[in-house]
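These notes concern the structure reproduced below.
The values are calculated or read from the model by the stated rules, or taken from the named source; none is laboratory data. Fair warning: this is a prediction, and the values are worked out from it, not measured in the lab. Cβ coordinates were reconstructed from backbone atoms using ideal geometry, including for glycine residues, and neighbour counts include every protein chain displayed.
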Amino acid sequence: MKLIISETINDSSELVAQKIISLVNSTKNPLLGLVTGGTVVPLYANLVKNYEQGKVSFSEIRTVNLDEYVGLDQKDHQSFAFFMNQHLFNKTNFNSSNIFLVDGTGQINSELERFDNFLTNNIIDLQLLGIGTNGHIGFNEPSSTFILPPHLVSLAQETINSNSHFFSEGEVMPTQAITMGIRDIMRAREVVLLAFGKAKANVIHRLFTETCVDPNLPCSILKLRDQVTIYIDRELATETGIEDCLSFTK
Ligand code: F6R
């Protein structure tokens, strides 16, 4: 795992945006694995800015998102589909026929089958990941086993606590989601994980210092593959003291 520390979240987001743009400009119809959440808002804003400046076109890009809450319609403001439209798809020229999103209101088994078929038949060129404070990637929550294919998951209490601030009073946060499993995250040609701020310091410290691969820390599976780059900001790096306990490539 390669670790890249930038001074600010915007600097990290700029580096990752440039990486995506160079993939888009050098590969025919690449498949991007996308993620939602507060961490990637500045990254998507940066991609939109580059699109508006004519530096990149997304019309030929295929995308697949990691996960979706069960029970939320794509028009629901809290769905991940809505997030993607709001922050990226509707502000750029992604072609809707190239976008794969799980339907949170679909029949669960058929959505899982549709997701599995898509992922079995397509290889992700670049998978973006955020990380939960409990080490989840996608919504692969801490557990006694790694679950390989796409699956239905009951969200961990820590995830519910972390994400409930996105929901206003009167809105009920779903407690289940459909997520890409570990198999397809591991099959992606390249993985980029972003983590910013003090809240992620403990989990990033664990990721770099614990020596085993443990399904109770799902992100630890990333140690088993190459082509993984982790982008963090200075605040997180300082909080973890990560520079003192690691040798890494800047
Ligand atoms: C969301 C996802 C999650 C988030 C993680 C971090 O699609 O797969 O793993 O990346 O929960 O969320 P934020 O960025 O809101 O801290």
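Could you check segment 134-149 and list, in sequence order, the residues that are of a type outside the set (S, T, N, Q), in contact (Cβ under 8 Å) with a residue 40 or more places away in the chain and away from the ligand (no atom under 12 Å from the Cβ)? Give the steps one after another, and end with the answer.
So the first thing to find is which residues in segment 134-149 are of a type outside the set (S, T, N, Q), and the list is 135-139, 141-142, 146-149.
Filter again for in contact (Cβ under 8 Å) with a residue 40 or more places away in the chain, leaving 135-139, 141-142, 146.
Selection gives P142, F146.
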Problem set entry | Considering residues of segment 162-180 that are among the β-branched types (V, I, T) and within 17 Å of the chain's Cα centre (by Cα) only, the residue surrounded by the most Cβ atoms within 10 Å (Cβ to Cβ) | T179
Problem set entry | Check on T159, within 13 Å of the ligand (Cβ to nearest atom), within 26 Å of H77 (Cβ to Cβ), buried (at least 20 other Cβ atoms within 10 Å of the Cβ) and of a type in the set (V, I, T) | yes
For this session: Inspect all residues belonging to segment 81-98 and state whether any of them is part of a loop (DSSP other than H, G, I, E, B), away from the ligand (no atom under 11 Å from the Cβ), crowded, with 16+ Cβ neighbours inside 10 Å and of a type in the set (F, W, Y).
Result: yes
For this session: Residue by residue through segment 99-121, note down the ones that are within 20 Å of Q176 (Cβ to Cβ) and either in a loop (DSSP other than H, G, I, E, B) or polar (S, T, N, Q) (or both).
Result: L101, V102, D103, G104, T105, G106, Q107, N109, S110
Exercise. For residues in segment 32-49 being near the ligand (Cβ under 10 Å from one of its atoms) and closer than 11 Å to M84 by Cα, which is surrounded by the fewest Cβ atoms within 10 Å (Cβ to Cβ)?
Worked result: V41
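Return the only residue of I124, I131 being within 10 Å of the ligand (Cβ to nearest atom), in contact with a Leu (Cβ under 7 Å, 6 or more places away or on another chain) and either in contact (Cβ under 8 Å) with a residue 40 or more places away in the chain or not in a loop (DSSP other than H, G, I, E, B) (or both).
Values: I124 fails: within 10 Å of the ligand (Cβ to nearest atom).
Criteria check complete, one pass: I131.
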For this session: Looking only at segment 27-44, count how many residues are part of a loop (DSSP other than H, G, I, E, B) and touching a His at 6+ places or on another chain (Cβ under 6 Å).
Result: 0
Exercise. If a residue has to be out of contact with any helix residue (DSSP H, G or I) (no Cβ under 7 Å at 6 or more places or on another chain) and either closer than 14 Å to P149 by Cα or crowded, with 23+ Cβ neighbours inside 10 Å (or both) to count, how many in segment 181-192 make the cut?
Worked result: 5
Problem set entry | Residue in segment 51-66 that is surrounded by the fewest Cβ atoms within 10 Å (Cβ to Cβ), counting only those that are in contact with a strand residue (DSSP E or B) (Cβ under 6 Å, 6 or more places away or on another chain) and in contact (Cβ under 8 Å) with a residue 60 or more places away in the chain | R62
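Before we move on, is I182 touching a residue at least 60 places away in the same chain (Cβ under 8 Å), under 20 Å from T63 (Cα atoms) and within 16 Å of the ligand (Cβ to nearest atom)? Full working, then the answer.
On the way: touching a residue at least 60 places away in the same chain (Cβ under 8 Å): no; under 20 Å from T63 (Cα atoms): yes; within 16 Å of the ligand (Cβ to nearest atom): yes.
So I182 fails the test.
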For this session: Those residues that are in a loop (DSSP other than H, G, I, E, B) and more than 23 Å from Q74 (Cβ to Cβ), I need them from segment 172-193; list them, please.
Result: A188, R189
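Residue-by-condition table, conditions (1) away from the ligand (no atom under 13 Å from the Cβ); (2) at pLDDT below 95; (3) surrounded by fewer than 20 Cβ atoms within 10 Å (Cβ to Cβ):
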position: Q18; (1), (2), (3): yes, no, yes
position: V24; (1), (2), (3): yes, no, no
position: P30; (1), (2), (3): yes, no, yes
position: E68; (1), (2), (3): no, no, no
